[in-house]
Amino acid sequence: MARLSYVRIKYLFFSWLAVFIGSWVIYVRYNSYTELCRGQECKTAICDKYRKGIIDGSACEGLCEKETIYFGKCLSAKPNNQIYLGIWGNLEGVIKCQMENTLHLDFGVDLEPRKEIVLFDKPTRGTTVQKFKEMVHSLVKKRLGDQGNLQDLVNLILKAADSNKDGHVSLPEAKSAWALLQLNEFLLMVILQDKEHTPKLLGYCGDLYITERVPYTSLYGISLPWIIEVFIPMGLRKRMDQWFTPSWPRKAKIVIGLLEFVEDIFHGLYGNFLMCDVSAKNFGYNDKYDLKMVDMRKIIPEMSLKEYIKYKSCESDSDCVYGADCGTTCDQSKRCTTDVTQPNLAKVCLLVKDYLLSGTPSEIRDELEKQIYSCIALKAATKHMEMEHALILNNLKALLWKKISHTNDS
């Protein structure tokens, strides 16, 4: 009887402990969710400005009047960047909304609370279309440098700003466009609007915008319920990520797309862009295994990084880093230099090394491994970097394409 009582007490204790831990985890998760997921606040703030005639855009009517835009699953990782799966009529998309003032690059500094009157204060009433063009030209020149064809980009931006396609940009449309132009991702989407690896912009209202939905939202890995994620060790999680990947020919096709995207942003029409967060979660693919970008917020103009970094004091190279992957060196005067140490291509090759070499056909494995390691060794500041960059990138694409070009996966 004593033994039975002891077993019962032990059972009750561990049952109580399990309930306590489970309740605590659910409570923490709920608090985290309510802090991260503030879509209703975002919608309320945007629609208030729309109804007052301050902002306008192609998504405003569906968001605020007809309510044909539906906020689905919350994907937000930070309270100030609201991200949701969404539905707009019969279209599936991703809704992105800024809950804070983002009128400057976020270089690890906490942002000020959102100030609506500041965010939508430009252009002012009475501003002519020509003056707005000059404002936009000045802004993109500051962000991208003195490119010879910036007027073409200004025309693209004004075309995107004309949300109702009536041939002219109204003041509320201009205010929305100006707010959106402060965001790296929006500017890059306009620049790369005709490139197949960039999600299409479906519409906007104020600084809320909706993009094409990408079916597979990570280069590799598997999405698990959060309650399971909590109890999986990091080492096992990384191994699981590599287990759940497409077949090798499909991986090769995805990587070819990633290499093409690197080409698109490397010394393109409007200058060079730097990938400052090269992680698997920022790259996805569709049902045909074509690469699609998921998150481009940390892809920034080289000019913007140089303008920021040249004023930064440092003690070591680790102080001269933006995001996770854009780093320069700390010189003898304790100032950060302005030239990045690693080009985009080297970062991408490091990301896909294990992903691509796992399951590689034996007849190309040695050559592929050699090319990937040559790619990883690329340095940005070398004399012939651009030539080496082009040669390695083209050789990698040719090797992968030759192997899959006669398969169904191509």
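The values are calculated or read from the model by the stated rules, or taken from the named source; none is laboratory data. This is a predicted model, so every value here is computed, not measured. As a convention, Cβ positions derive from the backbone with ideal geometry for all residues, glycine included, and neighbour counts pool all protein chains shown. All accessible areas refer to the heavy atoms of the entire protein, side chains included, with ligands and DNA or RNA removed. Shrake-Rupley method; radii C 1.70, N 1.55, O 1.52, S 1.80 Å.
Of the numbered conditions (1) more than 18 Å from the chain's Cα centre (by Cα); (2) in a strand (DSSP E or B), Lys292 fails exactly one; give the number of that condition.
Of (1) more than 18 Å from the chain's Cα centre (by Cα); (2) in a strand (DSSP E or B), only one is false for Lys292: (1).
Just to be sure I understand, how many residues within segment 193-204 are under 14 Å from the mean Cα position of the chain (by Cα) and open to solvent by less than 20 Å² (accessible area, probe 1.4 Å)?
3
Among Glu302, Glu315, which is buried (at least 16 other Cβ atoms within 10 Å of the Cβ) and acidic (Asp, Glu)?
The match here is Glu302.
For segment 167-184, name all the residues that are buried (at least 19 other Cβ atoms within 10 Å of the Cβ) and part of a helix (DSSP H, G or I).
Selection gives Pro172, Glu173, Ala174, Lys175, Ser176, Ala177, Trp178, Ala179, Leu180, Asn184.
Filter segment 280-299 for residues that are in contact (Cβ under 8 Å) with a residue 12 or more places away in the chain and among the basic types (Lys, Arg); which is least open to solvent (accessible area, probe 1.4 Å)?
Across segment 280-299, the extreme among qualifying residues is Lys292.
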